[in-house]
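Report on the structure given below.
We did not get these values from a lab; they are worked out from the coordinates using the rules stated. Small disclaimer: the values here were computed from a predicted structure and weren't measured. FYI the Cβ positions are ideal-geometry reconstructions off the backbone, even for glycines, and counts take in every protein chain you see.
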Amino acid sequence: MNSSRNYFTWDIPLWPCQLHKLQYLSLAHNNLYGVIPPCFSNISLMRADSIDTSYAEDMLKIPIMVNIKGTSLEFTSSLQYLFSVGLSSNTLEGQISKGLTRLARLENLNLSQNKLIGKIASDIGNLRYLEPLDLSNNKLSGEIPPRISNLDFLSHMNFSFDNLFGLIPSSNHLSTVEDQSVYRSNNGLCGAPLMKICSGDDEDESNEGDFVVNWFYSGLGLGFAMALMGFCNILHVNQSWRISYFQTVDRIIKKLLIGRLIIMLWFKRALKFQLCK
């Protein structure tokens, strides 16, 4: 069902909820407003894990343009294998409806350029077949749910121009995302692939560095004390070593005193020579 690029100016309609065999819905580029109906979860074909598309074999094959990953692609016979919801470029409000996150078979979801608010529900991790996900240009806030990293087929995503913050999930295949533009204009986001380091990471690194330095100096002092105690214990037990040690120390002190006396005499002689001039 492609009803995009019309002049619809009303609440987002409820009639898609009655189309249980619906697998492609595009209401993009209209003037629809209001909240996304939770009854979208009634589209049973998009909820099923195993899909029987034999009913579509005798349907009229009309080419249709579908916007995927920012590119318009033409589908005809292969449309029966595409499960897509496109509601971009409207003025939809409210949070992302659970009616969408329950469509387990959904492969393409585009909610960009609306006025959606609130957090990205962790339930979005249930859309395990999802490939492109575009939530850009809304007013979404909060953190990107870590469960998004469980979407194994996710090949394109866009969270730019929202109000998201916190650490960007980087587990599983999300660790390979290098395009910073998908997180653009979310000043609160941090972590790879952005150059901004999370404040907690800085603090942890600083604490870890202080911990290592403190342990180093503590170990150094303890080692010196143990070595000194061991040396004194040896001198106490071994009489010959003790006598030899103190004789050596005595000779060193005498040499230092003699050296100091020689230096003092040399300075006195030099000073007397200067005064005579």
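Points to keep in mind about this one:
- Whole-Å distance, taken between Cα centres, linking segment 109-132 and segment 1-49: 15 Å
- Working ranking of peptides 142-150, 105-113 by packing, defined as the average number of other Cβ atoms within 10 Å per residue, highest first, is 105-113, 142-150.
- Sequence-distant residues sharing a close amide H with G166 (under 5 Å, placed H): L189, C190
- Inter-site label distance for I243 and L82 at 7 Å from Cα along Cβ, in nm: 10.3 nm
- Phi angles of segment 106-119 translate, via the Karplus equation with coefficients 6.51, -1.76, 1.60 and θ = phi - 60°, into HN-Hα couplings of 4, 10, 9, 10, 10, 10, 5, 6, 10, 10, 5, 10, x, 7 Hz per residue; Gly and Pro are given as x.
- Packing-based ranking, highest mean first, of 123-132, 4-13, 224-233, 31-40 given that Cβ atoms within 10 Å are counted: 123-132, 31-40, 4-13, 224-233
- J(HN,Hα) series, segment 246-257, from Karplus relation 6.51 cos²θ - 1.76 cosθ + 1.60, nearest Hz, glycine and proline x: 6, 5, 5, 4, 5, 5, 5, 5, 4, 5, 5, 5
- Projected onto their three principal axes, the Cα atoms of segment 238-277 cover extents of 59, 5, 5 Å, largest first.
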